[in-house]
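Report on the structure given below.
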Amino acid sequence: MKLWGGRFSKNTDKLMDDFNSSIHFDNRLYRHDILGSAAHVKMLGACGIIPKADADLIYKTLFEILKDIEDGKVEFEVSAEDIHMNIETLLISRIGDVGKKLHTGRSRNDQVALDLRMYLKDEIIELKLMLKDLLNVILKIAEENLETIMPGYTHLQRAQPITLAHHHMAYFQMFKRDLERLDDCTKRMNIMPLGSGALAGTTYPLDRQMVASELGFDAITANSIDGVSDRDFVIELASCLSIIMMHLSRFSEEIILWCTGEFSFIELDDAYSTGSSIMPQKKNPDVAELVRGKTGRVYGSLISLLTMMKGIPLAYNKDMQEDKEAIFNAVDTVKLCLPIFTKVLDTMKINKETMYNSAKGGFTNATDIADYLVKKGIPFRDSHEIIGRMVAYCLGKNINIDDMSLEELKSFSDKIENDVYDAISLQTCVNERKITGGPAKESVLEQIKTGKEFIENC
Ligand code: ARG
């Protein structure tokens with residue numbers, strides 16, 4: 001017999017049970033469901049809504065059930081539909097009529113909203129730790145590569161010289177924002193919905209604040225209809241997760257490019273690479289490719305959630321049961337990707353010489369020689385034009401600008417002197433960009449310093 005079976009004259013069809021049931025995916029909410037119920041029943045007892053002795057028995061039995069679930073002694077029933085009714089059924093089977101008092105002043109609608117908020121809050125704590133590990137590895141690589149010159153790109157064409165430290169600190173900023181976004185998302189998630197009932201609150205004098213404090217929530221929801229029908233906190237998290245994956249995917253794309261024979265900027269550790277079943281020479285960057293590929297499923301979750309919610313009239317509708325698989329999958333995927341991606345970064349070998357030689361080519365110092373002429377009094381547009389002709393000349397001869405003799409250089413402008421070679425060396429190009437946020441060592445050291453402060457305080 002179902003917990004809601006009173007008004008029905010026959011049992012549900014097996015097909016109906018299978019279709020309607022969510023236990024195979026919401027079983028993971030068991031701990032939060034029990035903790036939520038425990039806080040609820042403690043409050044029911046404290047407020048004299050049910051006898052204190054009954055509340056105590058329910059409270060104690062809930063934790064016995066929790067232990068049994070954790071010891072693998074409990075089998076959930078599809079016919080009990082979801083985790084909430086499975087646990088309530090277990091409770092009633094153990095303590096009989098007293099157990100039937102747990103659901104006083106509560107609906108599954110506010111219960112599931114509570115459980116999901118509690119579950120996701122805990123997941124966010126783990127996600128933040130993983131992001132922190134990644135940020136620490138990025139900082140380590142940056143500190144070790146303050147003078148590792150490499151080409152910076154626009155349009156995937158070599159543009160200007162930077163350092164690997166500067167490059168990595170760009171990703172530091174992205175993942176730092178991701179961490180901050182998770183904190184921000186937590187603020188709106190950390191509001192306690194119990195007391196909203198099915199949609200119209202309850203006539204029992206529940207102490208909502210007590211439940212909120214008991215469970216570590218900052219506040220209680222302000223409107224009972226919104227309390228049960230809001231899934232913004234799920235969508236916000238899915239969008240934070242999508243942005244994390246977008247960042248990981250961009251980084252993966254660079255890793256994949258960098259370990260091609262054509263680039264050879266890095267070599268991945270054997271422990272995080274794969275071979276080919278037919279081509280003996282292959283070493284493939286599968287981790288980065290999978291991370292890039294899995295980004296799609298996290299975006300998919302976000303779009304599923306937005307679409308699922310867009311046509312739902314107030315308040316709870318069963319469509320909303322679909323929120324869980326989507327957000328669980330997104331959270332699981334990000335939790336799978338972050339640690340292994342961090343390992344890939346942490347163990348990769350950096351070919352500093354190849355990076356340097358690549359920055360030597362591609363006229364990455366062309367802007368600097370144009371600036372050199374500006375400093376000698378030539379307007380920037382004219383100097384841009386002169387250096388453009390210089391580049392065309394070098395391309396014809398297959399040489400770099402600094403391979404030219406002073407005489408050759410002077411044929412483009414008589415303002416060019418012997419000091420030009422120093423002015424356009426890769427080291428000068430990098431070290432003169434001392435501007436805040438720039439690639440010069442002192443500027444990147446500043447970025448690292450504030451980065452470390454951020455990590456210490458988060
Ligand atoms: N399993 C349901 C869900 O995940 C719980 C809420 C059910 N409420 C209801 N009125 N049928 O959404």
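The values are calculated or read from the model by the stated rules, or taken from the named source; none is laboratory data. Since this is a predicted model, take the numbers as computed values, not measurements. Cβ coordinates were reconstructed from backbone atoms using ideal geometry, including for glycine residues, and neighbour counts include every protein chain displayed. Note: accessible area is taken over every heavy atom of the protein model, side chains too, but ligands, DNA and RNA are not part of it. Shrake-Rupley method; radii C 1.70, N 1.55, O 1.52, S 1.80 Å.
Quick one: in segment 310-369, of everything that is within 16 Å of the ligand (Cβ to nearest atom) and of a type in the set (Gly, Ala, Ser), which residue is farthest from Lys132 (Cα to Cα)? Residue satisfying both the conditions and the ranking: Ala315. The condition (being touching a helix residue (DSSP H, G or I) at 6+ places or on another chain (Cβ under 7 Å), modelled with pLDDT of 95 or more, among the small types (Gly, Ala, Ser) and on the phi > 0 side of the Ramachandran plot) is satisfied by just one residue among Ser264, Ser242, Ser249: Ser264. If you go through segment 251-266 and pick out every residue that is open to solvent by 10 Å² or more (accessible area, probe 1.4 Å) and in a helix (DSSP H, G or I), you end up with 4. On the stretch given as segment 267-285, residues that are assigned to a strand (DSSP E or B) and in contact (Cβ under 8 Å) with a residue 40 or more places away in the chain total 1.
If you check Phe363, Phe454, Phe380, Phe412 for being at positive phi, open to solvent by 20 Å² or more (accessible area, probe 1.4 Å) and not polar (S, T, N, Q), only one passes: Phe363. The helices (runs of 4 or more DSSP H) found entirely in segment 164-250 that carry 3 or more residues being open to solvent by 30 Å² or more (accessible area, probe 1.4 Å) and more than 30 Å from Ile448 (Cα to Cα) are 208-214, 224-229. Total residues in segment 66-84 satisfying the condition of being more than 32 Å from the chain's Cα centre (by Cα) and within 25 Å of Thr12 (Cα to Cα): the figure is 6. Pick from segment 60-88 the residues that are touching a Ser or Thr at 6+ places or on another chain (Cβ under 9 Å) and of a type outside the set (A, V, I, L, M, F, W, C): which of them is nearest to the ligand (Cβ to nearest atom)? If we take residues in segment 60-88 being touching a Ser or Thr at 6+ places or on another chain (Cβ under 9 Å) and of a type outside the set (A, V, I, L, M, F, W, C), then Asp82 is nearest to the ligand (Cβ to nearest atom).
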